[in-house]
Every structure is written in C-alpha cells, then in structure tokens.
1. Give, rounded to the nearest 20 debye, the magnitude of the charge dipole that segment 1-154 has about its Cα centre when Lys and Arg contribute +1 at Cβ and Asp and Glu contribute -1 at Cβ.
2. Assuming R0 = 30 Å, what is the FRET efficiency of TYR5 and GLU258, from their Cβ-Cβ distance, to the nearest 0.05?
3. If you put +1 on each Lys and Arg Cβ and -1 on each Asp and Glu Cβ, how big is the dipole of segment 228-271 around its Cα centre, in Debye rounded to 20?
4. Using 0.36 nm times the number of residues separating LEU183 and ARG26, minus their current alpha carbon distance, what extension gain do you get?
5. Rounded to the nearest 0.05, what FRET efficiency do ALA211 and ARG241 give with R0 = 22 Å and r taken as the Cβ-Cβ distance? Could you check?
6. At 222 nm, what value in deg cm²/dmol follows for the chain if DSSP H runs of at least 4 each add -39500 (n - 2.57) and the sum is divided by all its residues, to the nearest 500?
7. On full extension of the chain, what length is gained from ALA93 through SER50, given 0.36 nm per residue of separation minus the C-alpha to C-alpha distance?
8. Which of the listed residues, GLN44, VAL212, SER240, is farthest toward the dipole's positive end in the chain, when Lys, Arg count +1 and Asp, Glu count -1 at the beta-carbon?
Amino acid sequence: MNRLYCHTGGRTLAYLDSAPGDLTKRVCMLLHAFPLGAGMWAPQLREAPSGWRLIACDLRGFGGSTETGRDEAPVMADYADDCIDLLRELGVARAVVGGLSMGGYAAFEVIRRAPGLIEAVVLADTRAGADTPQGRESRRQMIALVDRDGPAAVADDMLPRLIGPTSHASRPDVGATVRRLILQQTSAAVRGAILRMMTRADSTPLLRPLAVPALVIVGEEDELTPVEESRRIAGELAGSRLVVLPRAGHLSNLEVPELFTRALAEFLKGL
Ligand code: MLT
C-alpha cells in the first residue's frame, strides 16, 4: 500500500489509506506505537471490514510526516493536531479513533482536543496514566541512547519487550518486521516521540465522561502495558468491550494480526 501525502499548515502529513477518496465509507483512524510508523497497521488496512475505510497516519516526524522545528518544544498535542487536521483535509467529520500504546496516548489527546470528532475509540496495549518519575528517567536514558547510537540501538533495546515470548520463540518474521519498521525512522522522530511521551498528561480523567463505544484490546503477554492496565481502562469506560488476545505481547496487532483484525472488525460492524 502506497503512502499518501497531505500538505497543510506548512507541514506534510503522510498516511496509509485503505480506500483513498471514498467518502461513502465510515472512517477508522489508527495511530501507531513507538518507535514504528503507520506501516505497522498494514495487516489491518489490508483487511478493512466492508463499509469501513481505515486510515493510518504517520505521527509527526515518523514515516513521511514532518517533524516540528528544533526550537519548538514537542508535545503530545502535536500528534493530535496533525490527526485532526488530516481528517479535516480529507473531508471526514466523524471517525473512530484508535491507537496502540503511544498511539493510544495520541488518541487520548484527540479526545481532549476534538471530542465532537470521535464516533468511538479503540485503545490497544496502552495506558491512561502519565509517566512516573522513574519512567521519565528511563526516557532520558533512551534519549541519550538514540542521540548516541540512533534508532537501531533503540530497536535492540526495546525489541525484547515489544513482542511477547510466543512471538520471540515461534514467529521470527514478526521481530524482523518490527526491526524494519523501526529502522525506517529517524533519530529526530524517535527523540521527539520520547519527549512527547514523557511530558504527556494523565488521561485517566477523560475515561469516565467518555460517552462513546470503546474497544479495549491487549495482548495477554504484554509486558510494557500489562493486561491490568487495559482492565483498568475498560473498567472506567461505560459500555466498553475488553478483548485479551492470547499468545500476543505488546504489538498485538502484528503478533496475532488475524485475531486483532477480527476483534476490530466485529467492533466496527457493531457501531
Ligand atoms: C509504545 O509501544 O508506543 C511505547 O512502548 C509506549 C511507551 O513507551 O510508553
């Protein structure tokens, strides 16, 4: 699937689109994890459910999207503004907004900034809370790592935890795909994402008042955002559905793509 580009507000937003230009379909926008790009959603875009158009946006700096200038402090709202602007440019007034891990953090920010846009949410392998002081210290170490050794070193550091033990033991292609997606990114994108994640707000207060359908989905072997995080999110969201995917870790949509895509399709069809 080819990347498409939207030039707006002096920047370029890159995205993948399962049905470019089709305004008859309902839209589900999918936001990617750290430090990958929109390409991680390829398995889902290939199997878009009938009547639905799936759009996966490269968050600022990733893939083909422009990063903020070095004199501007990167904030999670940058990602949300880009997603909101992209949907507006594409003529989409309402959409299901979903994200996996960091993509979930960005989705929370879209909820905060454009609640009227949200038809439903998909929160995959993510957490609602902000970083702890200890978490921020690890982020600082990762900034030093990427500044010194680039995205390949971040891939080496994170890969053991990005996918679950089952994928490590029996799905070598998944690890190779994840590494390839990380190596496509620049140090600037990775650095910008770390700064945005470590300064993001606590989104827990957004959950209870959120009166739209929600799918919460998590790999049972997720070490980075364990199942309890998703249970907590689902417990706060009235009318949410929690799906725990067996034999999948943090990047559940890549590790068990058929199960993830089926859960997503069932949710979308029910809206
Ligand atoms: C991700 O997968 O997006 C990251 O693990 C999120 C994080 O580091 O908080």
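1. Numbers: 17 positive and 19 negative charges, 53 e Å.
Here the size comes out at about 260 debye.
2. On the way: r = 30 Å, r/R0 = 1.01.
About 0.50, to the nearest 0.05.
3. Details: 6 positive and 6 negative charges, 26 e Å.
So the dipole magnitude of segment 228-271 works out to roughly 120 debye.
4. Details: separation 157, 0.36 × 157 = 56.52 nm, distance 3.25 nm.
Extra length available between LEU183 and ARG26 comes to 53.3 nm.
5. Working: r = 15 Å, r/R0 = 0.69.
Efficiency computed from Cβ-Cβ geometry: 0.90.
6. Numbers: 12 runs with 121 residues, N = 271.
About -13000 deg cm²/dmol.
7. Working: separation 43, 0.36 × 43 = 15.48 nm, distance 1.96 nm.
Between ALA93 and SER50, full extension yields 13.5 nm more.
8. So the residue we want is VAL212.
Only the coordinates and a few stated rules stand behind these numbers; no lab work does. Here the structure is a predicted model, which means the values were calculated and not measured. All Cβ positions, glycine included, derive from the backbone under ideal geometry; neighbour counts span all protein chains shown.
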